[in-house]
Amino acid sequence: MTDNVVSMSVTTLPSRRLVQRQPSWFARLLDYKPFLIVICLAPAVGLLTVFLTYPLGLGVWLAFTDATIGRRGVFVGLENFQYLLTDPLWWGAVFYSTLYTAIATFGKFALGFWLALLLNNHFPFKSVIRAIVLLPWIVPTVLSALAFWWIYDPQFSIISYLLVDVLHLRATNIDFLGSPWPARFSLIAANIWRGIPFVAISLLAGLQTISPSLYEAAMLDGATNWQRFRYITFPMMMPILAIVMTFSIIFTFTDFQLVYAITRGGPINSTHLLATLAFQRGIAGGELGEGAAIAVSMVPFLVFATLFSYFGLARRKWQQGEAND
Amino acid sequence: MTDTVAQPVNASSAAPEAMDWDSRARRMMMIYLPLACFVLILLFPFYWMAITAFKPNAELLNFKAHSPFWISSPTLLHIKHLLFETSYPRWLKTTMLVAISATFLSLFASTLAAYAIERLRFRGSPYVGLGIYLAYLVPPSILFIPLATVVVQFGLFDSPLALILVYPTFLVPFCTWLLIGYFKSIPYELEECALVDGATRLQILRKITLPLAVPGLISAGIFSFTLSWNEFIYALAFIQSGANKTVPVAILTELITGDVYQWGALMAGSLLGSLPVALFYSLFVDYYVSSLTGAVKE
């Protein structure tokens, strides 16, 4: 046996040497690991450095200057931020961004979790329904926002038509986007509509990893439906809930498309999010420094929201692991 | 919801006749009814979009004479207006070009990066992976103002090339993370065998790792395509001339003229703009779901 192996290696050795001598210096360089690592990482790291890290730093720098479009600004210290603190529009945007994020995230997760639990059942055409449900998330947000704009039309809104002419619940059409509070909630509803599929499908993936034996054990112990949800489903979902919620909060707080497409911050600037305000000042108004300051002012909120959702939810999982209760 | 989990247990533990009409009605109320409501509400805006696109203006603005939920005399006028009296085909072409180029660029960059991080394993490779992942958490709303100045510095303002180069900033982190997961699932032994047989690293990547990672590449590719097709804020900020706009931006800025909204044309534009991704989606549903959940699980 060993003899056989030895003879084999002896016979193959010369041919291998031949093969190894053939590659050019370039091919050998490509086989040199450190060089290969640098080559492989270069495109990704290069793109991200030039178009992400550098602009991020530049954005912070711009926030401390009075740059406008076409003019390099000079350093003005905290002037932009001091101005923002006295600006009622900025405070309004902070207020609405927070409200928008809080209500929309709550709505998305309550409804999305419910939908995920529904989809976790067995019923006919399950895969078709699962596919259909994801549609609002696939279609360009601006285009579905336009559909919502049309649905929220003051004169020809289909919702008003249903309530007034079909169900006779109201006497007049609803003015969805004409006054501040209805406009705010209309936008939040559209955001929830768009966010449900993502939450539902992500959570469904989490639900499917929970072992059925846990439920069987709980059944034997006489746990009720609610108890099984509260003490098995919910704790087991915590880690994935934490990740999905972190993502959702970040991208809801910095949302731009929906508001820009439907109200552009109106009526009377009541629906400005920080991102739309930054766009209005920075790009449309040309005050790059001030726009950048508004964009930078989102960062503390984002960091706080991320830490809160991630550690607030993930810590419970660690406790669970340690105490094992 | 949870009672469904109980369903099979109930069925097996209780006598068969206990699974009576009552539990079926209960199932109806607890599952099918809410599910139907969800599907109805999630799909209604698309139905509304589609039906508006084919309605003549007279019907569109008169709910009293025509039921708004149906079309009495469908028309292709809005679509015709869109295709022949606006630059819509041009916008579609630009969007397609940008989405496909950005997708290939990101796939190229992230395949190599994911391979280096997951398979070449060097000191600090987990940190590079983490760094790329963190890049995903930087929202475009924070970046678009400084990026606009960068784009102007590079002389790329108002050019689709700017979008092709900028979109990878959110595509590469996502794709890299997805592909790292896929590469992890490929047995390392296969590569070792190839190494023993004298294959170079690049040969291994090309002939062994990549063919096995094809499902991951497809997932990453269709996801990148969808994300670039749907991107809005960069396209709005970096493109000025009407001809170079992408579909989402063009519909919002070019089709809305004056105070009277052409709802028929607007909805036709939205419908046509959504169709490519919707078709793409229907072809690759499973990949979408797996990439969505795979990326989250990572």
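The values are calculated or read from the model by the stated rules, or taken from the named source; none is laboratory data. These numbers come from a predicted model, not from an experiment. Note: ideal-geometry Cβ built from the backbone for every residue, glycine included; neighbour counts use all protein chains shown.
Among the residues of the range A:243-290, which ones are more than 19 Å from A:Val142 (Cβ to Cβ) and not in a helix (DSSP H, G or I)?
Correct list: A:Pro267, A:Ile268, A:Asn269, A:Ser270, A:Gly285, A:Gly286, A:Glu287.
Taking the conditions exactly as written (out of contact with any Asp or Glu (no Cβ under 6 Å at 6 or more places or on another chain), at the interface with chain A (Cβ under 8 Å from one of its Cβ atoms), touching a residue at least 40 places away in the same chain (Cβ under 8 Å) and of a type in the set (A, V, I, L, M, F, W, C)), does B:Ala237 satisfy them or not?
Answer is yes for this residue.
Where the second residue is not in a helix (DSSP H, G or I) and the first is polar (S, T, N, Q) and lies in the range A:244-256, which pairs have Cβ atoms under 7 Å and are six or more apart or on separate chains?
Taking only residues 6 or more apart or on different chains, the pairs are A:Thr254/B:Pro139.
Do we have any residue at all in the range A:261-272 that's surrounded by fewer than 20 Cβ atoms within 10 Å (Cβ to Cβ) and at the interface with chain B (Cβ under 9 Å from one of its Cβ atoms)? Step through it out loud before you land on a result.
First, the residues of the range A:261-272 that are surrounded by fewer than 20 Cβ atoms within 10 Å (Cβ to Cβ): A:264, A:266-270.
Imposing the further condition that a residue be at the interface with chain B (Cβ under 9 Å from one of its Cβ atoms) reduces the set to none.
No: the range A:261-272 contains no residue that is surrounded by fewer than 20 Cβ atoms within 10 Å (Cβ to Cβ) and at the interface with chain B (Cβ under 9 Å from one of its Cβ atoms).
Regarding the range B:177-198, can at least one residue be identified that is within 30 Å of A:Trp61 (Cβ to Cβ) and either within 13 Å of chain A (Cβ to nearest Cβ) or of a type outside the set (Asp, Glu) (or both)?
yes
Among the numbered conditions (1) within 22 Å of B:Ala102 (Cβ to Cβ); (2) crowded, with 16+ Cβ neighbours inside 10 Å, tell me where B:Val214 comes up short.
If we test B:Val214 against (1) within 22 Å of B:Ala102 (Cβ to Cβ); (2) crowded, with 16+ Cβ neighbours inside 10 Å, just (2) comes out false.
Among the residues in the range B:141-160, are any of a type in the set (A, V, I, L, M, F, W, C), farther than 29 Å from A:Asp66 by Cα and either in a helix (DSSP H, G or I) or in contact with a Gly (Cβ under 9 Å, 6 or more places away or on another chain) (or both)?
No.
All but one of (1) more than 16 Å from the chain's Cα centre (by Cα); (2) over 23 Å from A:Thr276 (Cα atoms) hold for B:Ala237; which doesn't?
For B:Ala237, the exception is condition (2).
Within the range B:132-149, track down each residue that is at pLDDT 85 or above and not aliphatic (A, V, I, L, M).
Across the range B:132-149, the qualifying residues are B:Pro139, B:Pro140, B:Ser141, B:Phe144, B:Pro146, B:Thr149.
How many residues are without any contact (Cβ under 8 Å) to a residue 24 or more places away in the chain and within 7 Å of another protein chain (Cβ to nearest Cβ) if we restrict to the range B:113-127?
2
May I ask you to verify whether A:Phe198 is under 20 Å from A:Phe256 (Cβ atoms) and either in contact (Cβ under 8 Å) with a residue 60 or more places away in the chain or exposed (fewer than 14 other Cβ atoms within 10 Å of the Cβ) (or both)?
Taking the combined requirement at face value, the residue satisfies it.
Mind checking which pairs have a first residue in the range B:176-199 that is in a loop (DSSP other than H, G, I, E, B) and a second that is among the acidic types (Asp, Glu), Cβ under 9 Å, 6 or more apart or different chains?
Final answer for the pair search is B:Ala199/B:Glu191.
Go through the range B:44-92 and report how many residues are surrounded by fewer than 13 Cβ atoms within 10 Å (Cβ to Cβ) and within 30 Å of B:Leu165 (Cα to Cα).
1
Looking only at the range B:111-119, decide whether some residue is modelled with pLDDT of 85 or more and either on the phi > 0 side of the Ramachandran plot or outside the structural domain of B:Trp263 (by TED's automatic domain parsing) (or both).
no
Scan the range B:162-176 residue by residue and report those that are within 9 Å of chain A (Cβ to nearest Cβ), within 15 Å of B:Tyr234 (Cβ to Cβ) and not hydroxyl-bearing (Ser, Thr, Tyr).
Residues satisfying the conditions are B:Leu165, B:Val166, B:Pro168, B:Phe170, B:Val172.
Which residues, counting only those in the range B:199-218, are among the β-branched types (Val, Ile, Thr), within 13 Å of chain A (Cβ to nearest Cβ) and either closer than 28 Å to B:Tyr288 by Cβ or out of contact with any helix residue (DSSP H, G or I) (no Cβ under 6 Å at 6 or more places or on another chain) (or both)?
B:Thr209
Whether any residue in the range A:60-76 is within 30 Å of B:Ala113 (Cα to Cα) and modelled with pLDDT of 85 or more is what I want to check.
Within the range A:60-76, one or more residues are within 30 Å of B:Ala113 (Cα to Cα) and modelled with pLDDT of 85 or more.
So how many residues does the range A:67-81 have that are out of contact with any strand residue (DSSP E or B) (no Cβ under 7 Å at 6 or more places or on another chain) and either more than 14 Å from every other protein chain (Cβ to nearest Cβ) or hydroxyl-bearing (Ser, Thr, Tyr) (or both)?
Final tally of qualifying residues: 5.
May I ask you to verify whether A:Gln208 is crowded, with 19+ Cβ neighbours inside 10 Å, assigned by TED's automatic domain parsing to the domain that holds A:Trp149 and not small (Gly, Ala, Ser)?
No, not satisfied.
Is one or more of the residues making up the range A:148-163 within 15 Å of A:Val259 (Cβ to Cβ), at the interface with chain B (Cβ under 10 Å from one of its Cβ atoms) and at pLDDT 85 or above?
Among the residues of the range A:148-163, at least one is within 15 Å of A:Val259 (Cβ to Cβ), at the interface with chain B (Cβ under 10 Å from one of its Cβ atoms) and at pLDDT 85 or above, which makes the answer yes.
Give the range A:33-44 a look and list any residue that's facing chain B (nearest Cβ under 7 Å) and of a type in the set (Val, Ile, Thr), or say none.
A:Ile37
Just need a number here: residues in the range A:121-144 that are more than 7 Å from chain B (Cβ to nearest Cβ), crowded, with 21+ Cβ neighbours inside 10 Å and part of a loop (DSSP other than H, G, I, E, B).
0
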